[in-house]
Amino acid sequence: MRFAGLIKEDYVSVFKGNVLFFLLIFSLYVGQGISYGPLCLFHLVLPLYFLNELRLGRNWKLLFNKESLPIHLFYLIIFGISLLHPLNYSYLYYYTLTYFLFCLLWVRRDFISTNLKVLFFFFLLLFSLDILLATLEFLTPFRYPISKLSQYNHLFGRSHNMFLDGTECFNLNYVLSSPTGFHWNQNNLAFIFLVVFPFTFLFKNRWWKNGLRTLLLILIVSTGSRLGFYAAVFIYAFLWIAELKRKEWQQIIPILTLIFILTDGYYFFPTKLIKIKEVALISQSVFNERFPEHCYEKLNSNEARKELLYQGKTYFFSNMFSGNGAGGFTKNMERYNQSKESENLKVVTNAHNFVIELLVDFGLLILVPIFMIFINLIRHLKSKNKTYWLLSFLLGIGFMAGSIMVSSLVYFLPFYLFFFLCYIVVTAENDKLITE
């Protein structure tokens, strides 16, 4: 009753007074999850929200202070270097969009920092929807319609022909049991769950906390993201250490789940599940699946990533200081593929490594604002309690893993939404959310 009263009196009033703000957050979180072809919900909400902010007469001078300077410099370098090279309008569009997002959020900095509990509650609702969708996709034939694995995504202006040519180089059951939630791609969803994971530390109810951790571990495995799973294990290990003094026996639930996965059914009871065998440290499960011969002539996932890393290093050293402009990595990889006579030697053109992509596109110059951002975060964390340090560190693990899991963070809007909000919260002086 007390919780319901808080929602009624405090949260609902904040929601009602800021409907467009929360609609903006929702539209950016779901991204292309609510869309028709290239037109997404946020394309409609962003200009509407901006016009409303102009009508309300926001103080745009708040955009320019010491804390926001590194972000402005980051984008100034991106746009400045890109002007020196043939323009990639697709990439510049996304960088412009995310810079616009930063400005809109930064102007509402005071509102965000003083209403963190409401914002966290709203994100809890969004995460719950994603978890529900992912659980249904994992356990049932249900598939979110705007998913690359949905046979109905053509109704939303998408193509769903990945299963039609009969030459697939993947296990159909493996793919169809991989949830995507609102986020089109399995690895994108795994990244979202990595962002959720550290915040389970704030849960007071031990059953909810450990139950959610267990579910997240299972769902991350179900996406087939091996790096995502190992990052989740690493995050959980730190959470377990931080909570040792609490002596919560409910911790045995995620621990037993982890042991079960890492040993593939405690070793003596193999699950015969490919996704578990992929991440298990020891396993008795055996698979003899054979794909068409042409599948073995192509580079596998690990080989392709190694080739991307090697090519990225080559492109970086060819122009270390100022890079190749926005989209430079992709453009170079397109040339690389054109030089290959055999289709089997070609690789994807997305970097699958955001750090390498930034260095190739913008050179060592881009490290200046990134270094300034970290300095700002550390400087403000000094005045925060240990919970802030723990959450910031664990989110950093999630962000670093996500920078490799996701094909390119350039156009993954939830990443920018989370990062900008975290930066605002940490650098704010008057937040009232987290206590010891």
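The values are calculated or read from the model by the stated rules, or taken from the named source; none is laboratory data. Keep in mind the model is a prediction, meaning the values are calculated, not measured. Here Cβ is always computed from backbone atoms with ideal geometry, including for glycine, and neighbour counts include all displayed protein chains. What goes into the accessible areas is simple: the full protein's heavy atoms, side chains included, and nothing from ligands, DNA or RNA. Shrake-Rupley method; radii C 1.70, N 1.55, O 1.52, S 1.80 Å.
Sparsely packed loop sites in the range 1-95 (the chymotrypsin sites (Phe, Trp or Tyr not before Pro) outside DSSP H, G, I, E and B with at most 11 other Cβ atoms within 10 Å) comprise 64. Give the shape of the range 79-196 as rounded, prolate or oblate, defined through the alpha-carbon gyration tensor: a ≥ b ≥ c are the square roots of its eigenvalues, a/c under 1.5 means rounded, and otherwise the shape is prolate if a/b is larger than b/c and oblate if not. Note, shape of the range 79-196 comes out oblate. Using the Cβ-Cβ distance between residue 383 and residue 23 with R0 set to 30 Å, the FRET efficiency from 1/(1 + (r/R0)^6) comes to roughly 0.35.
Mind pulling up the Rg/Rh value for the range 325-436? Radius of gyration and Kirkwood radius, both on Cα. List each step's numbers first, then the result.
Numbers: Rg = 18.0 Å, Rh = 16.3 Å.
Computed over Cα atoms, the ratio is 1.11.
Spatially close Lys pairs in the range 247-356, defined by Cα atoms under 27 Å apart and a spacing of eight or more places or different chains, total 19. Restricting the chymotrypsin sites (Phe, Trp or Tyr not before Pro) of the range 320-427 to loop positions (DSSP other than H, G, I, E, B) with no more than 14 neighbouring Cβ atoms within 10 Å leaves 321.
Multiplying each eigenvalue of the alpha-carbon gyration tensor of the range 236-289 by 5 and taking the square root yields semi-axes of 28, 10, 7 Å, largest first, rounded to whole angstroms. Label positions at residue 338 and residue 175, each projected 7 Å from the Cα along the C-beta direction, are separated by 2.9 nm. Classified by the C-alpha gyration tensor, the range 232-376 has an oblate form. Its axis ratio a/c, with a ≥ b ≥ c, is 1.5 or above, and a/b does not exceed b/c.
Take the chain with all the other protein chains still there, run a 1.4 Å probe, and you get 50 Å² of accessible area per residue. The loop-placed trypsin sites (Lys or Arg not before Pro) in the range 322-431, going by DSSP, that have at most 14 neighbouring Cβ atoms within 10 Å of their Cβ come out as 340, 382.
Across the range 192-206, coupling constants 3J(HN,Hα) worked out from phi with the 6.51/-1.76/1.60 Karplus curve, θ = phi - 60°, read 4, 5, 5, 5, 5, 3, x, 6, 5, 4, 7, 5, 8, 6, 5 Hz, and Gly and Pro carry x. Protection proxy ranking for 111-119, 224-232, 125-133, using the average of other Cβ atoms within 10 Å per residue and placing the highest first: 224-232, 111-119, 125-133.
Within the straight-line cut-off of under 27 Å between alpha carbons, the lysines reachable from residue 245 are 117, 204, 209, 382, 384, 386, 432, sequence neighbours fewer than 8 places apart in one chain being disregarded.
Projecting the alpha carbon convex hull of the chain along each direction and taking the average yields 23.2 nm². Which percent of the accessible area of the chain is formed by carbon and sulfur heavy atoms (probe 1.4 angstrom)? Solvent-exposed carbon and sulfur of the chain make up 67 percent of the total. Shape verdict for the range 1-158, please, from the Cα gyration tensor: rounded (a/c under 1.5), prolate (a/b greater than b/c) or oblate. Here the range 1-158 falls in the oblate category.
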